[in-house]
Amino acid sequence: MDIDELRKRSVVFAALNDEEAATLMQLARVVNHPAKHVVFQEGEAGDHLLVVMQGRVKVSLISPDGKEAILSILEPGDVFGEMALLDGEPRSASVTTMENCAFLVLWRRDFLPFLERNPQVALKLLAALSKRLRSTNDMVGNLSFLHLPARLARILLNLGQQYGKLTAEGIAIGLKLSQEELGNLVGVSRESVNRQVRLWVESGVLDYTHGTIILKNSDALFRESLNAER
Ligand code: CMP
């Protein structure tokens with residue numbers, strides 16, 4: 001991803017002119033990681049943030065007995081690691097690559113003075129944090145108020161909106177997700193997700209082979225997502 005692309009896709013670069021963007025690039029380093037690499041773990045100290053340049057990562061919480069709750073999936077242009085950088089507290093979640101990834105790394109000692117000189121970037125970052133809080137609120141609301149089919153339907157429709165491609169068969173979600181990961185995204189066991197997915201595959205609502213999901217009848221999923229209270 002070049003500077004022009006970064007300015008289109010990343011809040012950190014969006015509000016910068018050519019010269020400011022080039023200055024920020026000079027402060028950054030590019031790192032590459034293969035798929036399934038733990039970029040950092042919840043609880044570690046953190047003095048840098050990362051901008052995704054290539055690939056996708058998952059942000060998750062891991063329970064003491066190893067269960068995972070996926071908070072978000074981030075893609076090129078997205079920033080993570082800004083929380084520990086800004087408040088000096090430990091990392092609030094773990095981040096793992098889902099594919100081969102490239103990141104731009106920026107350190108606190110460089111980035112905070114840069115933010116002071118470029119308050120428009122701080123405003124963009126605040127807006128991005130607000131958006132993130134909104135989607136976490138949605139997730140908490142869904143977990144608290146919706147039963148499994150509605151929750152799963154909402155998540156699948158969101159994934160379709162974010163990562164979907166229209167094909168002859170329906171909306172193909174361009175993410176390889178195991179049923180376990182899907183469960184971790186919805187907040188239920190793999191078995192429960194499995195059961196619901198099987199029902200929808202049998203009734204032609206979706207197709208699910210080798211981790212690739214195709215939404216064949218998004219109207220039916222949408223109706224299911226409105227079928228709210230648990
Ligand atoms: P940090 O706390 O430094 O390390 C973990 C990162 O995960 C955090 O910064 C954010 O960038 C990201 N993160 C934490 N919670 C969420 C969330 N609810 N949604 C999306 N991203 C998050």
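The values are calculated or read from the model by the stated rules, or taken from the named source; none is laboratory data. Being a predicted model, the structure only gives us computed values, none of them experimental. Methodologically, a virtual Cβ is constructed for each residue, glycine included, from the backbone with ideal geometry; neighbour enumeration extends over all protein chains shown. These accessible areas exclude ligands, DNA and RNA; they are computed on the full protein's heavy atoms, side chains included. Shrake-Rupley method; radii C 1.70, N 1.55, O 1.52, S 1.80 Å.
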Percentage relative contact order, the chain, counting C-alpha pairs under 8 Å, at least six apart: 19 percent
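Calculate, for the chain, the solvent-accessible area per residue in square angstrom, rolling a 1.4 angstrom probe over the heavy atoms of the protein chains. The partial results should precede the final answer.
Values: 12350 Å² over 230 residues.
Roughly 54 Å² per residue, with all protein chains present.
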If the cut-off is 25 Å between C-alpha atoms, which lysines fall inside it for K124, apart from same-chain ones fewer than 8 positions away? K8, K58
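So how strong a dipole does region 13-78 carry about its Cα centre when Lys and Arg Cβ are +1 and Asp and Glu Cβ are -1, to the nearest 20 debye?
On the way: 5 positive and 10 negative charges, 68 e Å.
That gives region 13-78 a dipole magnitude of about 320 debye.
Which of K131/K176; K36/K67; K67/K131 have a Cα-Cα distance over 18 Å? Numbers along the way, then the final one.
Numbers: K131/K176 25 Å; K36/K67 16 Å; K67/K131 26 Å.
Cα-Cα > 18 Å for K131/K176; K67/K131; rest within.
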Quick shape check on region 116-171: root eigenvalues a ≥ b ≥ c of the Cα gyration tensor, a/c under 1.5 is rounded, otherwise prolate if a/b tops b/c, else oblate, and it reads oblate
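Which percent of the accessible area of the chain is formed by carbon and sulfur heavy atoms (probe 1.4 angstrom)?
Numbers: 6410 of 12350 Å².
The C+S portion of the solvent-accessible surface of the chain is 52 percent.
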I'd like the distance between the alpha-carbon centres of region 191-220 and region 65-130, rounded to an integer number of Å. 33 Å
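Of W107, W200, which has the most accessible area with a 1.4 Å probe, and how do the rest follow in descending order?
Values: W107 50, W200 15 Å².
I get W107, W200, largest accessible area first.
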